[in-house]
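Contents: one structure, followed by commentary.
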Amino acid sequence: MPPPGTQRMRPVTPHPRHPWIPKQWRWIPLLFLCLFLLRPALSPGTTEAPWDFTLYRQGLAHFNEQKWIDAAENWMATGDRLLKKSRNKASLRKAGLAHIFATIAFEKADNAMAYTSWSTAVRYFLEGQTSWEAERTALRLYTEQVNARLKAGVTGTLPFSGKNKEQRVLEMEETLHLSRYDSPVQGLKIPEVKPVEPQINVSRQYFPRPPALTDQVADMPVEERASRHGTESPPAPIPPPETAIPRRHIQPPLPPPAEGTAALPSQAETGTLVEAPLPPPDAPSTQGRVANRIRPTPPGPVIRGAARGQAGPLTDEEQAIARTAWGYFNENYQTNTGMINGSHDYPYATLWDLGSTLAGYVAALKLNLIPPQEGQAKIIRLLETFQVMELYNDELPNRQYNTQTGEMTDLKSRPTHHGSGWSALDIGRLLIWLKITEAWFPDLKEPVERVIQRWTFDRLVMYRELNNALYNGQTEVIRQEGRLGYEQYAAMGFTLLDHDVRQALDYAETQKMTLLGLDMLFDTRDRAFLTSDPFVMAKMEIGAINNTFSSLTEAFYGIQKQHWLTSGEITAVNEDAFDKEPWFVYNSLFYNGIPWVCLAHDEKPVPELATVSTKAAMAWSVLYDDAYATALRHHVIGLRHPKDGFYAGVYPDGEVNPAKNINTNAVILEAMLYLKRNRVPFLLSPD
């Protein structure tokens with residue numbers, strides 16, 4: 001009985017705590033809890049996958065079905081979507097991986113787009129402060145850790161469900177062999193270009209194509225026509241004499257300045273710093289620096305395949321590049337004259353083209369692409385043609401010649417004994433290569449001198465500047481020629497002959513600008529196209545024109561590199577031929593106060609034709625040793641025809657500009673020769 005005053009309580013029947021778990025197994029939950037807590041200590045590395053490869057599974061499905069192009073395009077689109085959402089280290093790393101996957105897929109398809117996706121991946125990694133080498137090493141270590149945990153039974157077992165990030169990494173590695181992938185192989189094919197190439201006449205000073213444009217220009221009053229580097233207000237046309245052929249010394253040359261008078265306007269007169277006249281080549285100028293050198297860019301990771309800095313013979317890749325470029329010369333050689341067609345299968349060439357012809361012959365000889373006897377024979381045949389071909393006004397080489405016959409042509413590319421005038425810029429380029437030939441081949445000194453002795457330069461170097469002549473069959477116009485870059489480069493050809501062209505070597509018509517944090521000059525005159533050609537050619541052929549020009553060259557490259565780092569877009573702006581209207585464009589770094597402008601010869605904007613120039617990309621890639629130089633070379637190295645040399649360029653979407661011309665391939669040959677000479681400019685010392 002309970003004590004008085006207490007309640008009576010019902011007895012409670014005890015129940016088991018976990019009746020569904022046998023008593024002998026009740027320690028298992030505790031074991032799992034311990035394993036979870038001790039997991040970091042038990043695993044040889046982190047268990048969280050550093051890469052979320054589930055992002056790329058749709059592209060992997062295409063890849064497994066051997067739909068290589070679909071896989072590549074899917075992965076590239078994935079990378080673009082990632083960067084549209086956010087642009088930080090993590091997203092740049094993921095986008096870089098997406099383009100690596102695309103590169104592998106394009107390579108499987110034997111598609112040269114692999115070079116484009118590869119260069120994009122390199123840039124993304126660089127901006128994200130990493131590199132493919134670092135990512136590949138980390139991936140290899142990580143897969144080893146995951147495999148070790150699989151063997152220990154920690155991670156789980158195969159087959160993979162697709163939801164586990166670690167398992168997806170292993171699947172990507174097993175399929176793509178990422179940890180062993182280095183870079184795209186050489187010689188991938190460019191997708192076949194369907195449009196048939198029209199006949200293209202590449203001209204630098206006037207444009208005799210297409211026929212409708214030719215007729216319009218030829219019939220236009222001379223006063224309304226402007227040469228490519230003409231002044232804003234051309235001088236009044238000079239009336240033709242009775243013979244309708246302009247004769248020498250229609251305008252007298254400028255007399256030498258009187259003693260004690262200033263040779264150049266002072267800074268107070270012009271408001272602009274004016275550089276002193278060019279000293280002899282062995283005494284580089286140190287006066288009149290206007291442009292500042294580019295600010296140093298922090299070094300990026302060392303990228304395999306970057307432009308070579310060490311001495312020694314060309315690599316196999318570089319030899320292949322040179323052989324491809326020489327193919328254009330083989331396919332367009334004219335045995336009767338020794339000339340090369342300016343454009344593929346089009347038998348006309350300007351004096352600039354003929355300068356490129358001589359450059360190509362010399363480079364091929366020094367690169368051992370042709371036997372010495374054959375190389376010298378081609379040079380001699382060309383010099384013989386120069387010694388007998390007609391001159392405009394018995395004065396200077398005509399603007400254009402027929403490469404099959406050596407005849408002068410008019411503005412419509414028709415044979416003529418009168419000609420169409422001369423271009424000081426074109427003649428200047430040819431003079432540079434005549435002097436290089438004379439220095440490297442002493443036995444050719446006399447033939448070179450006989451060529452130059454035929455020419456009369458009085459009117460070309462009037463007023464100590466460069467002047468061109470344009471003759472339309474009725475009237476001749478003389479005007480100043482040359483803008484920043486081209487003007488200084490061509491002036492060096494005449495300086496090598498001791499002509500006083502100091503006005504063409506100063507910077508009085510320029511102003512300073514800052515683009516992407518770098519200082520650059522721009523020309524304030526009209527039609528001032530600012531392209532890569534004169535800067536890369538001057539550095540390879542001449543070395544340093546003066547301190548200002550050297551600074552401009554560095555700034556020109558630095559601005560394009562900085563643009564790549566900030567926007568992801570590869571640029572190698574230049575003048576180039578095209579396979580469609582307007583046939584020839586100037587992709588300019590800066591024009592009339594606007595950066596990154598692509599214009600036709602009539603100054604009409606054609607932004608849809610802003611391509612990466614093959615010759616500019618190749619040339620910049622040998623002048624500098626950094627990640628951007630690597631990206632430039634990889635971007636254009638696949639733009640080659642099996643026999644006809646390199647194509648002119650590539651559009652941003654990967655479509656090829658299929659025009660083939662002598663200047664693209666001559667500059668590439670120069671670039672390979674520059675490498676073989678260990679980056680010693682051609683005029684600084686004989687070979």
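The values are calculated or read from the model by the stated rules, or taken from the named source; none is laboratory data. Quick caveat, the model's predicted, so the values are computed rather than measured. As a convention, Cβ positions derive from the backbone with ideal geometry for all residues, glycine included, and neighbour counts pool all protein chains shown. When the accessible area is computed, the model is the full protein with side chains, heavy atoms only, and any ligands, DNA or RNA have been set aside. Shrake-Rupley method; radii C 1.70, N 1.55, O 1.52, S 1.80 Å.
What to note about this one:
- Across segment 433-447, computed HN-Hα scalar couplings (Karplus, 6.51 cos²θ - 1.76 cosθ + 1.60, θ = phi - 60°) run 6, 5, 6, 5, 4, 4, 6, 8, 10, x, 6, 9, 4, 5, x Hz from first to last residue, x flagging Gly and Pro.
- Cut-off under 5 Å, modelled amide H: who pairs with L466 long-range: E481, A504
- Looking at segment 516-592, the pairs of alpha carbons with a distance over 21 Å make up 33% of the total.
- Accessible surface of segment 347-405 [probe 1.4 Å, protein heavy atoms]: carbon and sulfur percent: 48 percent
- P(r) tail for segment 534-687: Cα pairs beyond 25 Å make up 28% of the total.
- Relative contact order, percent, segment 533-687 [alpha-carbon distance under 8 Å, six or more residues apart]: 24 percent
- The peptide list 529-535, 554-560, 591-597, put in order of mean Cβ contacts within 10 Å with the highest first, becomes 529-535, 554-560, 591-597.
- Span from the segment 625-687 Cα centroid across to the segment 398-453 one, whole angstrom: 25 Å
- Cβ-placed point charges (K, R +1; D, E -1), dipole of segment 552-607 about Cα centre in debye, nearest 20: 180 debye
- Sorting the segments 545-551, 458-464 by their mean number of nearby beta carbons within 10 angstrom, highest to lowest, gives 545-551, 458-464.
- Percentage, to the nearest whole number, of Cα pairs in segment 75-151 over 17 Å apart: 48 percent
- Counted by Cβ distance under 12 Å from S117, the other residues give a net charge of -2, where Lys and Arg count +1 and Asp and Glu count -1.
- Largest first, the extents of the alpha carbon coordinates of segment 66-120 on the three principal axes equal 32, 18, 11 Å.
- Taking amide H as placed 1.01 Å from N in the peptide plane, the amide H of C598 sits under 5 Å from that of S588, V606, each at least 5 places away or on another chain.
- In sequence order, segment 638-653 has phi-based couplings of x, 7, 10, 8, x, 10, 9, x, 8, 6, 6, x, 9, 6, x, 8 Hz under the Karplus curve 6.51 cos²θ - 1.76 cosθ + 1.60, θ = phi - 60°, and Gly or Pro positions carry x.
- Its alpha carbons considered, segment 625-676 gives a radius of gyration followed by a Dmax of 11.7, 33 Å.
- Ordering 427-433, 505-511 by mean Cβ neighbour count within 10 Å, with the highest value first, yields 427-433, 505-511.
- Taking every protein chain into account, the accessible area of segment 535-687 amounts to 26 square angstrom per residue (probe 1.4 Å).
- Binned Cα-Cα distances of segment 311-389, short to long, each 5 Å bin given as a whole percent: 3, 15, 26, 25, 16, 8, 4, 2, 0
- Note on segment 340-385 and segment 554-606: Cα centroid distance 29 Å, given to the nearest whole angstrom.
- Amide proton proximity set for L515, modelled H, under 5 Å, gap of 5+: M520
- Counted over segment 450-577 with a bin width of 10 Å, the fraction of Cα pairs per bin, in whole percents, is 11, 37, 33, 14, 5, 0.
- Vicinal HN-Hα couplings computed from phi for segment 60-65 (Karplus, 6.51 cos²θ - 1.76 cosθ + 1.60; Hz; Gly/Pro x): 5, 4, 4, 4, 5, 8
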